[in-house]
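The values are calculated or read from the model by the stated rules, or taken from the named source; none is laboratory data. Keep in mind that what you see is a predicted model, and the values were worked out from it rather than measured. Cβ: placed from backbone, ideal geometry, glycine included. Neighbour counts: every protein chain shown. Side chains are part of the model used for accessible areas, which takes the heavy atoms of the whole protein and leaves out ligands, DNA and RNA. Shrake-Rupley method; radii C 1.70, N 1.55, O 1.52, S 1.80 Å.
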Amino acid sequence: RVPLLAARAQHQLLSSLPLLRVLEAHAERPGVLQQVQSLSARQDALSVWTDSLLAKIVLASSCNNKQAVATAYAEMGRRCRETGNLHTAKDMMKRCLESRMRQDARFYEDVFELKLRQGGNPCEKLCAVIRTEAAKHQESEEASQYFLILAKVAKAGWERSEMSYTVAWEAICTARRLAGQHGGLAESIACSRLVEFADAVLRKAELSRQQAAIDGTAASAVTPAVQRSLAASLVKDVIRILQLGGSSGQAQEEAFRMAHERLPRVFELLAADKECCPNFDSQAASMPTWPLLRWLAQALAHLPQVPALLGPLRTLARQFPQALFWPLQLTSHPDVVGTRVEDFRPLWTELNSCGAPVQLALTFTKALECLTNPDMRFTGELKQLHSAISREDRAGAKARWADIWQNLLSPDQCFHGAVHVGLAEQVKQVLQGLGRKLGLAATSGELPETEFHASKREAWQKLLQVLDKTATDSIRHGPGRKAPLEAFSRWLARFDARGSWLGSSAERLEIPGQYSGMEQPDLRSHVRMMRFSPEILVMASKQRPKRLVMLGSDEQEHWFLVKGGEDVRLDERVEQLFGVVNSLLSSDSTPGLRVRTYAVVPLLPDLGILEWVRDTKPLKNVVLETAKAKELKEVEAHNLRLEWAKRFGQQLMPRYAKIFAVSKADIKVVFAGCCGALPRGANLRAYLSRVALGPEALWHLRQRFASSLAVTSAASYLLGIGDRHLDNHLFCLRSAEVVPIDFGYSFGIGALLPVPELVPFRLTGFLLSALQPLAGQFAHGTFCTGLAAVLGCCRDRAELLQDACALFVREPLL
């Protein structure tokens, strides 16, 4: 029970107890100013922070410390401004001015931020005041702070179309030059502001150019030469921020994080104009390479157009070779890049030269391909062969038959198990018997094009029908059952790396999915593959993926789902976008909000592995458990809905059109009747009450569920993710978080289905029951607040999501 209750206990200790101790110390020594501890983000959302600030004011006043009183008033004014209480914020800043002995840059920044929020003040007039104040400071570090304030006000004027962008650009360049004399935190902040402003000007110019091409309006006043200069400054300062690092406080860490997020934008600018940063090679040489780990897919996709990326990627290959295996194997595949395979050869050479286990990784990939059901692959290949024969494409049919013979009918005894060998033998028997009767010499992989003449089309069709039935009848291990690993892959079943514990690096292969790119990897703590569990679980979905258990060097089991015959790159990119959303929400203003993600590692265009999310179950299973049923057909409410829908016909499209014509009031009556047929305890609230250890635990579970549902719903809406049925939501049994899976219908594809998906996200009565009674009819409270916070945060930083989505233009999947 301790983990569930610790958060609330920590809140009480961090707010009330330290404050009481400070007051007690002040009572004992009234003449000494006591330090009041700052509160964390968890307390910022509560009213307790006012007690902290009032205590600071009282203690400072009793000690006659006017500067401390002014600082407390300024902090209170800043918090009131952030919450939208501008009237109180103005009053607090007046009191700060009356108490302050000396004015600093932070005070002026708060004052002008307040004036910008209030509106009605011409930005040009405000800029004149800041210039006057900046002229009073000769020290470069202090002057740079005032020029940053000037740049912020001038940027607001540019956004309001009151001023030209040049005023803000000159101010921020001056601040950047002055801060560069000191380095460290000041330079990181100045570079971050410059990057943000340059990006805003470039995006506005791009939008203006696109709009001018559509309606013929005047293009942006920013000339191409200026745009090239802005892009060069952006690229240069992003690299500089990464060089400075993020270990000198929260402000520098935030600057580093935002520079990390903008790397895809850097790749796009370099691809659009190779001359925008001619010194990129020398600048990137001193940049840490681990931030590239998060954006490897983008970097490799841009490599053919941006050869300057080869240097950082080669350094990355030497430092973290096993992080580059799988992305490089996928990106350099001929089906992905076509004739551009040679662009990636230097990276393979680098991996081989540094002693990385390249050959072992390629062998492992080949072994994982064996986990794909051969009947599924064989059926798909037969369909493509049939299509080529129908089109009278003799050369294509010949090549397709050669691939079938090599990949499916000639199994390697070292890799393939009995399932593959048995199917190959059965198919060869059919070819020798029926093939000869039909006059087809299909007993080898090399057939002349004359064998696919139009006169033999009917014979081929009969043969392919029999082969398809043979493959279907060869299924041994059905879905939902365990199967021996050796039946599919002998290499995986016999793999044992325990003998290579002290061997060379070429003999040690890491378990995939350990490079998140969010922090510098510690290779000493990475887990290596030792063995594989002798059994796999065959899943019930269409392609029958397999659950594979890897036994690692940490003496733990690592579960993965191996998907063959499917392209998991879309899942990987959606998870990457979820990571961007989490990064945007990682600020102190949005504590507790995150999308629960998992590792997705594409290996080939039709093969990938996904991290198995343990201690979860589909929401469908939760519904069935609460309804005390094993299948949906045993739930009366489900049957009532089906019976009512069948009244409008059996075919889907005509039925949908008729149901859509029914009045909303009648639909609500029928829906209420179906809901009323559910058992009394068939709701998520009852389920959480049953699994919680007590009232405190129930409160925390509901709060976590509401926050998780809010951020998952908002992120899914932004990315246009559809097909959100009960099997595509996992429910975490430990934290009550929602885990979204299966993103085949993303980016609005659900709206193009024969029966379009029109709802933005799933929010049914079953889910709402967990938020009651506090949420009310419109899901107020934690869910509504979290939803608004996520949407607002993503709207303010929409360009970062757009940069991450640019990969779909380079490598389209939809």
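When peptides 739-747, 267-275, 644-652 are sorted by average Cβ neighbour count within 10 Å, with the highest value leading, the order is 739-747, 267-275, 644-652.
Run the simple label-point estimate for Gln67 and Ser455 please: 7 Å along Cα→C-beta, distance reported in nm. Distance between the two pseudo-spin positions: 10.4 nm.
Of the peptides 149-160, 779-790, the ranking by mean beta-carbon count within 10 Å, highest at the top, reads 149-160, 779-790.
Taking all protein chains together and a probe of 1.4 Å, list Glu696, Glu799 from the most accessible to the least accessible. Please list the in-between numbers first.
Details: Glu696 75, Glu799 35 Å².
Descending order: Glu696, Glu799.
Leaving ligands, DNA and RNA out of it, rank Arg702, Arg100 by accessible area with a 1.4 Å probe, largest first. Provide the component values of the computation, followed by the final result.
Working: Arg702 50, Arg100 25 Å².
Sorted descending by solvent-accessible area, the residues read Arg702, Arg100.
Solvent exposure of Arg490, expressed as accessible area, is near 60 Å², computed with a probe of 1.4 Å over the protein chains only. Highest-first packing order for the peptide set 179-188, 325-334, 257-266 is 257-266, 325-334, 179-188, based on the mean count of other beta carbon atoms within 10 Å. Computed 3J(HN,Hα) for region 63-68, one whole-Hz value per residue from the Karplus formula 6.51 cos²θ - 1.76 cosθ + 1.60 where θ = phi - 60°, is 8, 6, 9, 5, 5, 5, glycine and proline marked x. Helix 358-369 sits at what angle to the longest principal axis of the chain, using alpha carbons and giving 0 to 90 degrees rounded to 10? For 358-369 against the chain, the angle is about 60 degrees. Largest to smallest in accessible area, the residues Lys546, Lys633 fall in the order Lys633, Lys546 (1.4 Å probe, all protein chains included). Model label points for Ala441 and Ser140, set 7 angstrom from Cα along the Cα-to-Cβ axis, are 8.4 nm apart. At q = 0.19 Å⁻¹, what log₁₀ I(q)/I(0) does a Debye calculation on the Cα points of region 740-814 give, no solvent, two decimals? Each listed q maps to, in turn, -1.07.
Pairs exceeding a 22 Å alpha-carbon distance, out of Lys383/Lys542; Lys546/Lys617; Lys428/Lys469; Lys383/Lys563; Lys155/Lys274; Lys633/Lys664: Lys155/Lys274; Lys633/Lys664.
Under a Cβ-Cβ cut-off of 9 Å, what is the net charge of the residues other than Ser192 that fall near it, where Lys and Arg count +1 and Asp and Glu count -1? Mind dumping the intermediate values first?
Details: positive: Arg193; negative: Glu196, Asp237, Glu254.
With Lys, Arg at +1 and Asp, Glu at -1, the neighbours total -2.
Coupling constants for region 619-626 follow from the phi torsions by the Karplus curve (6.51 cos²θ - 1.76 cosθ + 1.60, θ = phi - 60°), and in residue order they are 4, 4, 5, 5, 4, 5, 5, 6 Hz; glycine and proline get x. Neighbours of Gly744, meaning other residues whose beta-carbon lies under 14 angstrom from its beta-carbon, give a summed charge of -4 when Lys and Arg score +1 and Asp and Glu score -1.
Tell me the Kirkwood hydrodynamic radius of region 631-769 in angstroms, computed as one over the mean inverse distance between distinct C-alpha pairs.
Working: mean 1/r = 0.0583 Å⁻¹.
In region 631-769 this quantity evaluates to 17.1 Å.
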